[in-house]
Structures are given as structure tokens and as C-alpha cells.
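Here's the structure we're looking at; comments come further down.
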Amino acid sequence: MTDALQTGADDREPSGLSGRDHERDCLDGLLAGTREGRGGAVMLLGEAGSGKTALLDRCAAAASGRARLPRCTGVQSEAALPYAGLQVLLRGTLDRVGSLPERRLRALRGVIAPDDALAGDRFLVGAATLGLLDELAEERPVVVLVDDAHWLDLETVDALLFAARRLGMGRAAMVFAAREESAIRDGAPGLPVLPDRPTSPGRSPTRRDP
């Protein structure tokens, strides 16, 4: 896992975005929504090397300075480690939580803080993840960027998708990038899906169900 939290960005576009006006417009709309109190989530699907990371980089550059940008990348060797991805994504944020119910805070701390026992309640962890994002977004918008989501551990995927399906009335957003054949989309019915290839102008994101 890598922890690529917000850094200073310049005005240059990441490479690999030629012909991706549709995806760029959709992501720009998602970012604009967080500033207006309309959160949401989207999934980028494509083959390895098709430009998904470049789209995430552009998203990060566009939001830099205006949003908190927690980011992680799935790694195959850690796919069997429960909550490995969530630890990377949310570490260092628990001290910002002020209003989470005690049970949810304990559950989230149990999977992120190494000195605490693993809580193990997936519902509580998912609900706590959503609550934490909402809490952080009260200060400024939050845009969660997840690359190679197909390599994330199942527990992290469950927690993030639980939260992603419930975004919409706040200033938090999520962008997942995964391979086309990934099973992760099967756990996210209803989330907008962006095919990672050029599309016709004005075409809406497709929705895919299991």
C-alpha cells in the first residue's frame, strides 16, 4: 500500500488523458458536487495501463488545496490482510473524530490503531468510516481516491463500499479505479461506472449490476 495524501500540485495535466473528456467531465462534476454539499462515488473500470491512475492524478490535482485527499493503492501481497487498505487510507485521522458514537469509534480504532484489539464488526466499521468522512468533510470537502481497488482486502472493500453507497448529502466523495473484470463492482450496484475509454460527448456514466 502507498499513502499518497494531498501534496502540492502544479497546473500540468497528467499524461494519458487524451480522448477522455467524458471521464474528466464526470469527475469534475463529482468534485464540484462536494463543494456544494452533494457527495457521491464513481467507479473507473479499465485494463491495466489504460489510464485509470492518470485520471485519479488529474482528480487529485484538480482538488488540491480545496479538499482533503486520502488516497491508497491496493497491493496484491496485502489482499489477504484484513483492513490493510483502511489502515493506510484513514490512519492519522482518528484524532479528528469528535461526534462518532463510542461503539463505532471503538470498532474503527480497533482496525486502524495497531495497539488496539481488532473489533471485527464489519457493519460498525463501515458505519464508522462513513461517519468519519462526514466529520472530516465538515471542515473541508473530502475526496477519497482508491487505485487498484481489485487488490484491496475484502474487509476494506466492504467498509468503503458501505460508505460510498450512502454518500450524497455531504461534502465527501469517492473514486475507485479497478480492472474491468474485477469483482469489486459486484458489491457496488447502483454506483456510476465510467468505462475507461473515450466516449461520446454528453453520454452519461453506465450503471452495472451484478
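Just give me the residues in region 132-187 being more than 25 Å from Ala61 (Cβ to Cβ), small (Gly, Ala, Ser) and either under 11 Å from the mean Cα position of the chain (by Cα) or at pLDDT 90 or above (or both), in sequence order. Within region 132-187, just Ala159 meets the criteria. Evaluate region 112-120: report whether one residue or more is modelled with pLDDT of 90 or more and charged (D, E, K, R). Looking for residues that are modelled with pLDDT of 90 or more and charged (D, E, K, R), one finds none in region 112-120, hence no. Any residue that is modelled with pLDDT of 80 or more and in contact with a Cys (Cβ under 7 Å, 6 or more places away or on another chain) - is there at least one of those in region 39-57? So far as region 39-57 goes, yes, one or more of its residues are modelled with pLDDT of 80 or more and in contact with a Cys (Cβ under 7 Å, 6 or more places away or on another chain).
Taking the criterion of being open to solvent by 30 Å² or more (accessible area, probe 1.4 Å) and either touching a strand residue (DSSP E or B) at 6+ places or on another chain (Cβ under 7 Å) or under 18 Å from Val42 (Cβ atoms) (or both), the residues of region 131-145 that qualify are Asp134, Arg140. If you go through region 3-38 and keep only what is of a type outside the set (Gly, Ala, Ser), surrounded by 12 or more Cβ atoms within 10 Å (Cβ to Cβ) and modelled with pLDDT under 55, you end up with Asp3, Leu5, Gln6, Glu13, Pro14. Screening region 123-197 for strands (runs of 3 or more DSSP E) wholly inside it with 1 or more residues that are hydrophobic (A, V, I, L, M, F, W, C) and farther than 21 Å from Gly92 by Cβ returns the ranges 172-178, 192-195. Tallying residues that are among the hydrophobic types (A, V, I, L, M, F, W, C) and either open to solvent by 50 Å² or more (accessible area, probe 1.4 Å) or assigned to a helix (DSSP H, G or I) (or both) within region 58-82 yields 7.
Asp148 meets the conditions (1) open to solvent by 10 Å² or more (accessible area, probe 1.4 Å); (2) touching a residue at least 24 places away in the same chain (Cβ under 8 Å); (3) within 19 Å of Cys26 (Cβ to Cβ) in every case but one. The failed one is (3).
Screening the candidates Arg68, Arg109 for the property of being modelled with pLDDT of 90 or more and farther than 27 Å from Pro189 by Cβ yields one hit, Arg68. Checking Leu86, Leu69, Leu81, Leu45 one by one, the residue that is in contact (Cβ under 8 Å) with a residue 60 or more places away in the chain, under 19 Å from Glu181 (Cα atoms) and of a type outside the set (Ser, Thr, Tyr) is Leu45 and no other.
The values are calculated or read from the model by the stated rules, or taken from the named source; none is laboratory data. Please read all numbers here as calculations on a predicted model, not as lab measurements. Note that each Cβ is placed from the backbone with ideal geometry, even for glycine, and that neighbours are counted across all protein chains shown. Note: accessible area is taken over every heavy atom of the protein model, side chains too, but ligands, DNA and RNA are not part of it. Shrake-Rupley method; radii C 1.70, N 1.55, O 1.52, S 1.80 Å.
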